[in-house]
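Each reported figure results from applying straightforward, stated rules to the coordinates on display, with no laboratory input. Computed from a predicted model, the values in this text were never measured in an experiment. All Cβ positions, glycine included, derive from the backbone under ideal geometry; neighbour counts span all protein chains shown.
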Amino acid sequence: MTFFRKLRLARLRQPILLCALVICQGCTSVAPWERGTLAKPEMSITPDPSLTGLRDHIFSSKEGSQGGHGGTGGGCGCN
């Protein structure tokens with residue numbers, strides 16, 4: 001019985017360790033002198049907001065729909 005228990009723990013050890021490593025990667029502190037680098041516009045999710053707005057406008061024009069990126073309304077005109 002102890003052999004099977006050890007075998008079961010050995011199989012669970014690697015996935016648990018992998019999950020712990022993935023979770024711990026997000027737990028980091030940023031030094032004050034590094035915050036300036038992270039605050040640059042190039043580091044944002046949408047580095048060029050005007051270009052993103054233009055792409056959204058082109059997408060909505062091609063698709064024949066308005067929006068679809070959040071907000072209320074179902075496309076029928078009734079908010």
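Label-to-label distance for CYS24 and THR37 is 2.3 nm, based on points extended 7 Å past Cα in the beta-carbon direction. Charge tally around ASP48: other residues with Cβ under 11 Å, Lys/Arg +1 each, Asp/Glu -1 each, net 0.
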